[in-house]
Amino acid sequence: MVFIANKLSKYNMEDKRILYVSSEVVPYLAENEVSSMSYEVPKMINNQGGQIRIFMPRYGNINERRHQLHEVIRLSGMNLVVNDLDMPLIIKVASIPKERIQVYFIDNDEYFKRKATFTDEEGVLYPDNDERAIFFAKGVVETVKKLNWVPDIIHVHGWMAAMLPVYMKHYYKNEALFSDTKIVTSVYGQSFEGTLDKEMINKVKFDGVPEDSINDLEIPDYENIMKSTIAHSDAVIIASENVSSSLTKFIESSGKPFLPFAPKDKFAEAYTNFYKKFVL
């Protein structure tokens, strides 16, 4: 018993604040690599005494009644500008049963009131997925500012969350609240074919992000979006065995601290050590 206690205390994350920003999280969406790890990692840190919050988009296929989502009026009502258009931000919140973990949902009728996550019934990517990603990134940061909750780490999962590191390093670079916050990105196997809107790079440039820092977005396919995200992160986790060799090479040569893939039974120790050694 003593051995176990010692082992656990070694991975103690007491009072560290970690913000998890994810495209998908179980139990709100079906289980896959991203949604499963976006639940398991925060749960593990929560169990180690860390303070965590999870943010995800409020897709139209999330059952609000079953999961007991409710709007947080004091956080809603702001307008975010995406591609020169004002988009109202709605914030909802729910708790993961048994875990005492709060999940915040970024919502907007125009972008998220659809009966699916990323593609229509035909399996075709929504044409405004790029704007949805920009809105999600801004919505998360603006809400965290309103909460006045300073994270030690922001850990990004999934491509819909991929603009967050880019916006943190440019658009929000002068926010005193985040001056010591580090960004970790988990990279998963390819999750969509084709590209997002070709105008994506111009929409990001519109927000004052210098073009030479987002050249990869000229062809906004999955790999290039992840390359932009990695380039703007402080550390990277290879979170899947299915990450392509080209993306793996990009991570290895990025000069960023990175954690190679750790299987599910080993990830708790690997992630905690990585946070403590290379990020915090």
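The values are calculated or read from the model by the stated rules, or taken from the named source; none is laboratory data. Predicted model, so just to flag it, every value in this text is computed and none were measured. Please note: Cβ atoms are built from the backbone with ideal geometry, for glycine as well, and neighbour counts cover all protein chains shown.
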Checklist line | Selection within region 29-49 - more than 20 Å from Gln190 (Cβ to Cβ) and either assigned to a helix (DSSP H, G or I) or modelled with pLDDT of 95 or more (or both) | finding: Tyr39, Glu40, Val41, Pro42, Lys43, Met44, Ile45, Asn46, Asn47
Next item on the list: For region 229-273, enumerate the residues that are farther than 13 Å from Glu40 by Cα, touching a residue at least 60 places away in the same chain (Cβ under 8 Å) and acidic (Asp, Glu).
Entry: none
Checklist line | Count of residues meeting criterion [surrounded by 15 or more Cβ atoms within 10 Å (Cβ to Cβ) and out of contact with any Asp or Glu (no Cβ under 8 Å at 6 or more places or on another chain)] in region 193-212 | finding: 3
Check: On the given criteria, is Val204 over 30 Å from Lys277 (Cα atoms), at pLDDT 95 or above and out of contact with any Pro (no Cβ under 9 Å at 6 or more places or on another chain)?
Finding: yes
Notebook entry, point to check: When you look at Lys173, is it modelled with pLDDT of 95 or more and either within 30 Å of Asn273 (Cβ to Cβ) or within 17 Å of the chain's Cα centre (by Cα) (or both), yes or no?
Noted result: yes
